[in-house]
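Colleague: My structure is below; once you've seen it, I'll send some questions.
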Amino acid sequence: MLHSSVETYKTEPFPSFGGTDGQYRYNDTWSFDLTTRKWSELTCIGFIPTPREGHAAALIDDVMYIFGGRGVDGRDLNDLAAFKLSNQRWYMFQKHGASSQRTLWTCYGFFR
């Protein structure tokens, strides 16, 4: 399965969102616990992003951001969403300006 996840150097679980199994695109959110080495599907609230693959993700503090990707109709997406880990709530950002050509790029987040 192709998905977008973020890496963390902490021992707490890290999130993963969406992806594809080659046939379907998903908008589920999962967490991998590095200690138990087990995946758990999260019960999310808020404005959950549409199913997608090929999106970028970055983790900053307790928020995972996802950008772009390709939707179920095969079109490139130009949206930005944030997932707050502490309350498992999704937030969508309003679109501004023209569509980006970087919808299938990767982004990274760094800890301070």
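Colleague: Quick test for you: out of Gly74, Gly46, Gly54, pick the one residue that is out of contact with any Ser or Thr (no Cβ under 6 Å at 6 or more places or on another chain), at positive phi and surrounded by 18 or more Cβ atoms within 10 Å (Cβ to Cβ).
Modeller: Gly54
Colleague: Within segment 31-47, how many residues are in a strand (DSSP E or B), touching a Lys or Arg at 6+ places or on another chain (Cβ under 8 Å) and closer than 19 Å to Tyr91 by Cα?
Modeller: The total comes to 2.
Colleague: For the structure I just gave you, tell me whether Thr50 is at pLDDT 95 or above and not in a strand (DSSP E or B).
Modeller: yes
Colleague: Among the residues of segment 1-25, write down those that are modelled with pLDDT under 80 and among the hydroxyl-bearing types (Ser, Thr, Tyr).
Modeller: If the condition is that a residue be modelled with pLDDT under 80 and among the hydroxyl-bearing types (Ser, Thr, Tyr), then Ser4, Ser5, Thr8, Tyr9, Thr11 are the ones that fit.
Colleague: Name the residues in segment 21-38 that are out of contact with any Leu (no Cβ under 7 Å at 6 or more places or on another chain) and either surrounded by 12 or more Cβ atoms within 10 Å (Cβ to Cβ) or polar (S, T, N, Q) (or both), would you?
Modeller: Gln23, Arg25, Tyr26, Asn27, Asp28, Phe32, Asp33, Leu34, Thr35, Thr36
The values are calculated or read from the model by the stated rules, or taken from the named source; none is laboratory data. Because the structure is predicted, anything quoted here is derived from the model rather than measured. All Cβ positions, even for glycine, are placed from backbone atoms using ideal geometry, and neighbour counts span all protein chains on display.
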